[in-house]
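Enquirer: I'd like to ask some things about the structure below.
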Amino acid sequence: MKRGELYRVVHPSAKDPRKHRVFVIVSRQIVIDSRLSTVVCAPIYSSHDGLSTQVLVGTDEGLKHDSSIHCDELISLQRTVLTNYVGTLSPSKIDALNQALRIALDLPE
């Protein structure tokens, strides 16, 4: 399991109307490699509002259609639900993700 990998999660929450949703892992690699049972993820939606906290993704990342990572909606997920691997972000998409996370969390560059 690596930072930047995408996984399809079945029934991610009671509030989510979808049967499944794709998430990208955003936790630091040292946390992912630790014994912690959860990792921080960002959801991927088919909608894109053009916000600076959203990163466009699509078929290059293993998705069926154009979508976007929503960094304003971070969630901690159990590792055990991250079993259906979809794809991995490219280095340039990781850079875009990092920038979107900085904006979403109001962190200095």
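Enquirer: Could you figure out which of (1) under 15 Å from A100 (Cα atoms); (2) exposed (fewer than 12 other Cβ atoms within 10 Å of the Cβ); (3) among the charged types (D, E, K, R) isn't true of D72?
Expert: (2)
Enquirer: State all residues of segment 58-72 that are closer than 11 Å to V22 by Cβ and in contact (Cβ under 8 Å) with a residue 40 or more places away in the chain; if no residue qualifies, say none.
Expert: E61, G62, L63, S67, I69
Enquirer: Only one of (1) surrounded by fewer than 17 Cβ atoms within 10 Å (Cβ to Cβ); (2) at pLDDT 95 or above fails for E61. Which number is that?
Expert: Going through (1) surrounded by fewer than 17 Cβ atoms within 10 Å (Cβ to Cβ); (2) at pLDDT 95 or above one by one, E61 breaks only (1).
Enquirer: Determine, yes or no, whether T38 is among the β-branched types (V, I, T), surrounded by fewer than 16 Cβ atoms within 10 Å (Cβ to Cβ) and at pLDDT 95 or above.
Expert: yes
Enquirer: Please go through segment 58-76 and give me each residue that is in contact with a Gly (Cβ under 6 Å, 6 or more places away or on another chain) and either in a loop (DSSP other than H, G, I, E, B) or among the basic types (K, R) (or both), ordered by number.
Expert: G62, D66
Enquirer: For segment 84-109, enumerate the residues that are surrounded by 13 or more Cβ atoms within 10 Å (Cβ to Cβ) and either on the phi > 0 side of the Ramachandran plot or not in a helix (DSSP H, G or I) (or both).
Expert: Within segment 84-109, V86, G87, T88, L89, S90 qualify.
Enquirer: Looking at the structure I just gave you, is T80 out of contact with any strand residue (DSSP E or B) (no Cβ under 6 Å at 6 or more places or on another chain) and polar (S, T, N, Q)?
Expert: Taking the combined requirement at face value, the residue satisfies it.
Enquirer: Something else about it: Check V10, V81 and return the single one that is modelled with pLDDT under 95, hydrophobic (A, V, I, L, M, F, W, C) and loosely packed, with under 12 Cβ neighbours inside 10 Å.
Expert: After applying the criteria, what remains is V10.
The values are calculated or read from the model by the stated rules, or taken from the named source; none is laboratory data. Here the structure is a predicted model, which means the values were calculated and not measured. Cβ: placed from backbone, ideal geometry, glycine included. Neighbour counts: every protein chain shown.
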